[in-house]
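S.K.: A single structure is presented below for examination.
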Amino acid sequence: MHPAKGQWINLTVGDGTSMRAYVARPRDAATAPGLLVLQEIFGVNGHIREVCERFAMEGFTAMAPELFHRTAPGFITGYNDYGPGRDEAAKMTIPGLEDDFLAAGDWFATDAQTAPRKLGSIGFCMGGRMSFLAASTLPLACAASFYGGNMPQHLDRLARLNSHLLLVWGGQDASIPEQQRQSLELALLGAKKSYLSVCFEAAGHGFFCDQRDSYNPEAARLAWPLALDFLRKHLDPEARQ
């Protein structure tokens with residue numbers, strides 16, 4: 001398969017706003033399953049765009065929408081300063097995010113390459129929680145969350161959740177206490193939701209991103225095929241054979 005190269009597109013959201021999104025396609029595939037790649041608080045930066053391209057190389061049409069588009073279109077900040085991203089994240093609303101996910105879902109549903117195929121999501125850090133929200137907004141086949149914090153605050157959405165879930169954690173992640181992880185998993189178990197939870201005990205928050213100080217090469221190396229296998233199982237089972 002030839003190297004994937006992404007491009008920016010513009011989506012019209014239901015509330016009348018315009019949202020940029022970065023899309024990377026597998027070049028040698030007539031059709032491909034769709035994958036929402038949901039950003040960290042640092043924006044749709046080089047790392048997130050590279051993740052989209054890596055997924056495209058693996059046979060997915062990957063889209064990373066700019067979730068801060070209402071208040072800070074084009075927002076990107078460095079990994080050494082959490083403040084600006086947290087400020088923008090605090091301005092997001094659930095109705096606004098639902099509109100964003102619906103706009104992305106509509107795009108996949110009308111795209112010639114992805115319309116016949118299933119749709120999933122994966123998110124990192126803030127995007128991990130966004131992946132849970134997307135899965136309770138759209139009819140996703142599956143959703144993966146890498147160290148997504150504060151998901152128990154959305155347990156009122158469990159009845160709307162019909163996706164298979166992959167939850168990936170870092171055991172040394174001080175920002176997501178073990179009690180929070182257990183609370184989410186117990187709720188999913190009680191609601192009879194399909195989920196897989198994997199914890200890399202030696203890894204911290206943000207371990208998958210090679211641009212962060214918390215990058216853990218070994219955990220990232222193991223987490224990548226885990227995520228691919230999960231996504232292929234639910235979005236593209238023939239690719240696993």
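Values quoted throughout were computed directly from the atomic coordinates according to the rules given, and no laboratory measurement underlies them. Quantities reported herein were computed from a predicted structural model and do not represent experimental measurements. Backbone-built Cβ (ideal geometry, glycine too); neighbour counts: all protein chains shown.
S.K.: If you rank VAL13, VAL51 by fewest surrounding Cβ atoms within 10 Å, what's the result? Don't skip to the end; give the middle numbers.
M.R.: Values: VAL13 19, VAL51 23.
Taking fewest neighbouring Cβ atoms as first place, the list is VAL13, VAL51.
S.K.: When a/c reaches 1.5 or more, the comparison of a/b and b/c decides; with that in mind, is region 101-211 rounded, prolate or oblate per its Cα gyration tensor?
M.R.: In terms of gyration-tensor shape, oblate.
S.K.: In the neighborhood of CYS199, defined by Cβ-to-Cβ distances under 15 Å, what is the net charge if each Lys or Arg adds +1 and each Asp or Glu adds -1?
M.R.: -4
S.K.: Under 20 Å between alpha carbons: how many lysine pairs meet that in the chain, if sequence neighbours fewer than 8 apart on the same chain are excluded? The partial results should precede the final answer.
M.R.: Working: LYS118/LYS193; LYS118/LYS233; LYS192/LYS233; LYS193/LYS233.
Here the count comes out as 4.
S.K.: Right, next: Listing SER194, SER163 from the residue with the fewest other Cβ atoms within 10 Å to the one with the most, what is the order?
M.R.: The fewest-first ordering by Cβ neighbours comes to SER194, SER163.
S.K.: Based on the mean of other Cβ atoms within 10 Å per residue, sort peptides 41-48, 86-93 so the most packed one is first.
M.R.: Descending packing order for the listed peptides: 41-48, 86-93.
S.K.: Please give the FRET efficiency for LYS193 paired with ARG221, using the beta carbon to beta carbon distance and R0 = 25 Å, rounded to the nearest 0.05.
M.R.: Numbers: r = 29 Å, r/R0 = 1.14.
In this case the efficiency is close to 0.30.
S.K.: Then there is this: Might you report the magnitude of the Cβ-based charge dipole of region 1-113 about its Cα centre, with Lys and Arg at +1 and Asp and Glu at -1, to the nearest 20 debye?
M.R.: Once rounded to the nearest 20, the dipole reads 280 debye.
S.K.: Would you work out the charge dipole size for region 6-240 about its Cα centre, treating the Cβ of every Lys and Arg as +1 and the Cβ of every Asp and Glu as -1, and quote it to the nearest 20 debye?
M.R.: Working: 21 positive and 26 negative charges, 101 e Å.
Its charge dipole is roughly 480 debye.
S.K.: Which percent of Cα pairs goes in each bin when the distances of the chain are cut into 5 angstrom slices starting at zero?
M.R.: The calculated distribution, bin by bin, is 1, 7, 15, 20, 21, 18, 12, 5, 1.
S.K.: While we're here: Between GLY123, GLY78, GLY190, where does the largest GNM mean-square fluctuation fall for the chain, given springs only between Cα atoms within less than 10 Å?
M.R.: Looking only at GLY123, GLY78, GLY190, the biggest GNM fluctuation is shown by GLY190.
S.K.: Please report the relative contact order for region 6-240, taking Cα pairs under 8 Å with a sequence separation of at least 6, and give it as a percent rounded to a whole number.
M.R.: 16 percent
S.K.: Roughly speaking, what is the centre-to-centre gap between region 219-235 and region 1-63 when only Cα atoms are used, to the nearest Å?
M.R.: If you average the Cα positions of each part, the centres end up 17 Å apart.
S.K.: So, by mean Cβ neighbours within 10 angstrom, what's the order for 227-235, 198-206, 100-108, 172-180 with the highest one leading? Write out the running numbers ahead of the final one.
M.R.: Values: 227-235: 19.4, 198-206: 17.6, 100-108: 21.0, 172-180: 13.9.
Per-residue Cβ counts within 10 Å, averaged per peptide and sorted highest first, yield 100-108, 227-235, 198-206, 172-180.
S.K.: What dipole magnitude, in Debye to the nearest 20, does region 37-167 give about its Cα centre under +1 on Lys/Arg Cβ and -1 on Asp/Glu Cβ?
M.R.: Dipole size: approximately 300 debye.
S.K.: When only C-alpha pairs under 8 Å and at least 6 residues apart count, what is the relative contact order of region 152-241, in percent?
M.R.: 27 percent
S.K.: Which residue, GLY120, GLY128, GLY170, tops the fluctuation ranking in a GNM of the chain built on C-alpha contacts under 10 Å?
M.R.: GLY170
S.K.: Now for a separate question. For region 45-115, just say rounded, prolate or oblate: build the C-alpha gyration tensor, square-root its eigenvalues into a ≥ b ≥ c, call rounded for a/c under 1.5, and beyond that prolate if a/b exceeds b/c, oblate if not.
M.R.: It comes out oblate by the Cα gyration axes.
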